[in-house]
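Structure, as structure tokens:
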Amino acid sequence: MTTDVVNVRDAIDELFETRTPVDWDDASGPLDLAEAIFDEVAGSPETLVSLVEAHPLDDGNAESFPALDKLVLWQSPDAEVRLRLHVFFPGYADRTHNHRWSFVSRILSGGYVHSLYGAEQDVLRKVTDGHEPRVVYAGHVQAGSTYFLHHSLVHSLRTDEVAVSLILRGPSTKTDYFTVTAAETLWNTGAARESSAERAAKAMTNEGRERVLRVLGELRR
């Protein structure tokens, strides 16, 4: 591990210690903490490259999906607060879903359409009554944007371009989250309760890391 990576992680540790505890139900605290950490990490593309290069791929904190790669770049001592890097590729579109935790996101490059469907209990009630969730807000979130999303809200993302974002997620407030399809509501657990086969199926490979590094290399230009 390089000196630069150690220094960045130490700096994040200090930012976290001086700004906690944080009320993750109130946007102001998480936004203040996240902005400081994002500024530290995204100050130069070289910092992100170094963090990704130093990331061990066998710790379960780097995953690849059909149009998404994501890595945990840092986590608090109790692993409840985590800084993640997300790289989306053209054609990415996720299902309507909620989260077990609130988070703050900053878009570093590209952008995506962010759709909100309302509070989770309202969405679940509509689905139970046989109605598909309806978008109540949609906007194109572009590079330089930062936003907070409370864990009680249901949303989805889609993009037709390469997009890079940082996410600072807070502590889990519930054990399960759901995704909604046209046919059913699917309940899922957190990664900690997945089987070894499930974790292995989505584990990032060296090829996935190289894909992420190529995208980050474009940020240098």
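List of remarks:
- Take the conditions (1) surrounded by 15 or more Cβ atoms within 10 Å (Cβ to Cβ); (2) basic (Lys, Arg); (3) in contact (Cβ under 8 Å) with a residue 40 or more places away in the chain; Lys174 misses just one of them, which is (1).
- Cβ pairs under 6 Å, 6+ apart, first in the stretch 23-37 and touching a residue at least 60 places away in the same chain (Cβ under 8 Å), second in a loop (DSSP other than H, G, I, E, B) and not hydrophobic (A, V, I, L, M, F, W, C): Trp24/Ser102; Trp24/Gly170
- Yes/no for Ser105 being of a type in the set (S, T, N, Q) and part of a strand (DSSP E or B): yes
- For the stretch 145-162, filtering for residues that are over 29 Å from Arg214 (Cβ atoms) and in a strand (DSSP E or B) leaves 3.
- Whenever a residue of the stretch 125-136 is in contact (Cβ under 8 Å) with a residue 24 or more places away in the chain and part of a helix (DSSP H, G or I), its partners that are surrounded by 12 or more Cβ atoms within 10 Å (Cβ to Cβ) and hydroxyl-bearing (Ser, Thr, Tyr), lying with C-beta atoms within less than 6 angstrom and at least six residues away or across chains, give the pairs Val127/Thr185.
- Test: residue in the stretch 163-180 that is of a type in the set (Ser, Thr, Tyr), in a strand (DSSP E or B) and under 19 Å from Leu85 (Cβ atoms): yes
- Flag if Asp32 is farther than 30 Å from Ala200 by Cβ, part of a helix (DSSP H, G or I), at pLDDT 95 or above and of a type outside the set (S, T, N, Q): yes
The values are calculated or read from the model by the stated rules, or taken from the named source; none is laboratory data. Please read these numbers as outputs of a predicted model, since none were measured by experiment. Please note: Cβ atoms are built from the backbone with ideal geometry, for glycine as well, and neighbour counts cover all protein chains shown.
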